[in-house]
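Colleague: What follows is a structure written as structure tokens; I'll ask about it next.
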Amino acid sequence: FHAFGYLGAICDKDPEVLAQFKEKYPDMPCVLKYEQLLNGDEYRVDGIAVATPAVNHYELTKKAILAGKHVFVEKPLALKESEGLELVELAEHNRKTLMVGHILQYHSAILKLKELTDSGELGKIQYIYSNRLNIGKIRSEENILWSFAPHDISVMLMLLDEFPSSVISCGGNYVQQHVADVTMTTLEFPSGVKGHIFVSWLHPFKEQKLVVVGDRKMAVFDDVSDEKLFLYPHCIEWHCRRPVAVKANPEIVPVQDVEPLRAECQHFVDCISNDHQPRTDGLEGLRVLKVLNGCEASLRAGGVIVNLNSGSSLAKQDYHFKDIEPHAPHSEHKHGSPNSYFVHGSSYIDKNVAIGEGTKIWHFSHILENTKIGEYCNIGQNVVIGPDVSIGARCKIQNNVSVYKGVTLEDEVFCGPSMVFTNVYNPRSAIRRMDEMRSTLVKRGASIGANATIVCGVTIGRYAFVGAGAVVLKDVPDYALVVGNPGKQKGWMCECGVRLNGKLACGECGSRYRYQNGETDAIIPLESEAEPARQSAE
């Protein structure tokens, strides 16, 4: 930036580091406090480049955007997807450039490689692998996965124009007990392509290679070599029904000699000046962050498959549900999980389970495969859910409840302690009747009291209330109050959980209801008459 004439000031909280900068750039203001750049009139900077440990990226970037600055933040964008999405939305709302430092996307050899893959020169892409190895700076604030792998993930997503469906990552902690020094990661894409990433800072020599294997040709990007890009016309031919490798001499692919860092910095300035979207914008950084979080989840769980469930692409609107899913029990999946949900260490999560942001799963619970749990749910102790169950957002499932296959809970359903769902009407231990299951649907806002039993094949209506100990044998209408054994309707309930009076009005919140179509077996709310209803009830 200084060489371009764009540098306005330098900030570092370490006085010794700042003194070194002052000596190298004597004409530049050097400040210790970040806020001086954001709030002061002395330093009129338009953009800020954040090059700090990753744990600080979110906070520093957010402050800069809120102060009206454009931001170029080194990889990764943040450590949590929720934080990354917040930064993307903040930049969009404030009409500020947000760019992430995935430098390889500004390397002329990688850009040429993208041309080769898009043009079909390599044929059908079969797999990609990368090695990013060195004996170098060993960090304690982040592991090798977060330090090295973002570059390779970013390039693979760019070359394939596709988002992986699952990841597997394993590695070893050799120098520091809780920091991985070596990791090996596999990305599986919906098209069938696989990507392999090997990163290490405990390697005897520096190696930075990316190999793209197609069914017609193979390309090698070697960032350590003087010549950066090679094309191998190797192919596989079939003779006597057996595959035979046919080798050919490599050719050097000429590329422009442009320093990637220089191109990246110039791109940031151009985007600010011309109001353009960066090549590696916040959303691109968010995609890489989602993959990194999946890799970290797999690494912590000992190399299990983690499904990303995002199809072939990923847009900002796809981030309403965080669905990274460990494929095995994970006793290590505790407070430090890479997602913004909580699973107690005594609980088990099977494969293909999607858990929404803010959800909490407490002691000794088991979530079986192919189950989806929405955002901000509270799952109590000794709860079993699944397999193949869908739970909506903001549900509360109290202790000792089993939500079996065939049961669906919509949003904001309350299941009291030890209440029971069934899914087979006439079970026998000696006779398998799973193909005779009857589905149960509990609609939005309904409450089921403690020790109640819901016999399968019924629908519990919206905001209905099933009393404690009731046995439900038939459908429950919206807003109905059902008690007893067998369950019988004894009145109507307001959405706020208070019983309605004889005029179908709520004395608590003032909401008022009327019979639907003149019948007395169904009611609907009169939301516009809530205030008169309150006065009448009082």
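Colleague: Determine if segment 247-255 includes at least one residue that is small (Gly, Ala, Ser) and in a helix (DSSP H, G or I).
Modeller: No, because not a single residue in segment 247-255 is small (Gly, Ala, Ser) and in a helix (DSSP H, G or I).
Colleague: Further question: Of all residues in segment 379-410, how many are open to solvent by 10 Å² or more (accessible area, probe 1.4 Å), in a strand (DSSP E or B) and touching a residue at least 24 places away in the same chain (Cβ under 8 Å)?
Modeller: Summing the residues that are open to solvent by 10 Å² or more (accessible area, probe 1.4 Å), in a strand (DSSP E or B) and touching a residue at least 24 places away in the same chain (Cβ under 8 Å) in segment 379-410 gives 1.
Colleague: Of the numbered conditions (1) buried (at least 20 other Cβ atoms within 10 Å of the Cβ); (2) under 35 Å from the mean Cα position of the chain (by Cα); (3) at pLDDT below 95; (4) of a type in the set (A, V, I, L, M, F, W, C), residue 496 fails exactly one; give the number of that condition.
Modeller: It is condition (1) that residue 496 fails.
Colleague: Related question: Condition first: of a type in the set (Lys, Arg), open to solvent by 40 Å² or more (accessible area, probe 1.4 Å) and either modelled with pLDDT of 90 or more or closer than 25 Å to residue 198 by Cα (or both). Can you find one or more residues in segment 118-126 that meet it?
Modeller: yes
Colleague: Next question, about the same structure. Considering each of 191, 225, 200, 130 in turn, give the residue that is surrounded by fewer than 18 Cβ atoms within 10 Å (Cβ to Cβ), more than 20 Å from the chain's Cα centre (by Cα) and more than 22 Å from residue 283 (Cβ to Cβ).
Modeller: Exactly one of 191, 225, 200, 130 is surrounded by fewer than 18 Cβ atoms within 10 Å (Cβ to Cβ), more than 20 Å from the chain's Cα centre (by Cα) and more than 22 Å from residue 283 (Cβ to Cβ), namely 225.
Colleague: Before we move on, is residue 376 under 22 Å from residue 463 (Cβ atoms) and not in a strand (DSSP E or B)?
Modeller: Against the criterion (under 22 Å from residue 463 (Cβ atoms) and not in a strand (DSSP E or B)), residue 376 qualifies.
Colleague: Scan segment 37-63 for residues that are open to solvent by less than 70 Å² (accessible area, probe 1.4 Å) and of a type outside the set (A, V, I, L, M, F, W, C) and jot them down.
Modeller: 40, 43, 47, 52, 53, 56, 57, 58, 61, 62
Colleague: Related question: Can you name every one of the strands (runs of 3 or more DSSP E) wholly within segment 163-238 that holds 3 or more residues which are closer than 14 Å to residue 295 by Cα?
Modeller: It comes to 166-172, 182-188, 194-200.
Colleague: Moving to a separate point now. Working only within segment 171-181, note down all residues that are touching a Phe, Trp or Tyr at 6+ places or on another chain (Cβ under 9 Å) and either at pLDDT 95 or above or open to solvent by 70 Å² or more (accessible area, probe 1.4 Å) (or both).
Modeller: Matches in segment 171-181: 175 only.
Quick grid of which residues meet (1) at pLDDT 55 or above; (2) buried (at least 20 other Cβ atoms within 10 Å of the Cβ):
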| site | (1), (2) |
| --- | --- |
| 297 | yes, yes |
| 301 | yes, yes |
| 313 | no, no |
| 324 | no, yes |
| 327 | no, yes |
| 333 | no, yes |
| 338 | no, yes |
| 342 | yes, no |
| 347 | yes, yes |
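Colleague: In segment 411-449, which residue that is among the charged types (D, E, K, R) and open to solvent by 70 Å² or more (accessible area, probe 1.4 Å) is modelled with the lowest pLDDT?
Modeller: The extreme case among them is 435.
Colleague: Of the conditions (1) open to solvent by 30 Å² or more (accessible area, probe 1.4 Å); (2) under 25 Å from residue 266 (Cβ atoms), residue 141 fails just one. Which one is it?
Modeller: (2)
Colleague: Determine which single condition residue 517 fails, assuming it passes every other condition in (1) open to solvent by 80 Å² or more (accessible area, probe 1.4 Å); (2) assigned to a loop (DSSP other than H, G, I, E, B); (3) modelled with pLDDT under 90.
Modeller: The number of the failed condition is (2).
The values are calculated or read from the model by the stated rules, or taken from the named source; none is laboratory data. As the structure is a prediction and not an experimental result, all values here were calculated from the model. Glycine also receives a Cβ, built like all others from the backbone with ideal geometry; neighbour counts cover every protein chain displayed. Calculation scope for accessible area: heavy atoms of the full protein, side chains included, ligands and nucleic acids excluded. Shrake-Rupley method; radii C 1.70, N 1.55, O 1.52, S 1.80 Å.
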